[in-house]
């Protein structure tokens with residue numbers, strides 16, 4: 001499976017018990033939507049490989065107790081710790097018209113209410129504390145936080161993101 005066609009659901013945090021179970025941490029808004037998954041792709045050595053799930057039981061705080069087929073001991077399960085959990089983009093739940101996934105914004109044009117056209121969105125950065133839009137503006141990469149007070153509107157039909165940048169944000173990137 002190609003990583004570009006997937007989204008990261010979470011990661012394997014630690015081994016649980018002696019019989020091959022692990023604790024999976026999910027980084028999604030509604031973890032309960034994934035209680036019935038039967039397989040995931042795990043990232044090992046920069047590659048994604050399918051792993052089939054025997055059970056995936058919800059715990060508090062977005063944690064799941066997971067057991068993968070073929071992993072029946074603490075030693076075998078230890079090799080999974082730290083692996084990213086991925087699913088195909090097609091497994092993402094459908095959203096309302098006014099909602100969007102961050103990866104969908106790549107390629108959209110970004111416009112500021114005051115400054116007009118800024119450029120095309122090239123990448124979305126996940127810094128764990130916040131998400132940032134990366135775009136080229138006057139031949140420099142500019143990072144714009146994805147926050148409700150900055151992103152005013154996302155128009156999926158025209159593929160445009162309307163924003164209102166804080167005063168001086170672009171100036172930081174244009175200084176030599």
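The values are calculated or read from the model by the stated rules, or taken from the named source; none is laboratory data. Keep in mind that this is a model prediction, so the values were computed, not measured. FYI the Cβ positions are ideal-geometry reconstructions off the backbone, even for glycines, and counts take in every protein chain you see.
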Given (1) touching a strand residue (DSSP E or B) at 6+ places or on another chain (Cβ under 8 Å); (2) under 21 Å from residue 165 (Cβ atoms); (3) at pLDDT 90 or above, where does residue 130 come up short, assuming only one miss? (3)
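So which residues in the stretch 1-34 are touching a residue at least 24 places away in the same chain (Cβ under 8 Å) and in a loop (DSSP other than H, G, I, E, B)? Before you say what the answer is, go through the steps one by one.
Here is the first cut: in the stretch 1-34, the ones touching a residue at least 24 places away in the same chain (Cβ under 8 Å) are 1-3, 5-28, 30-34.
Hits for the stretch 1-34 are 1, 2, 17, 18, 19, 20, 27, 28, 30.
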Every residue from the stretch 35-48 that is assigned to a strand (DSSP E or B) and touching a residue at least 12 places away in the same chain (Cβ under 8 Å): 39, 40, 41, 42, 43, 44, 48
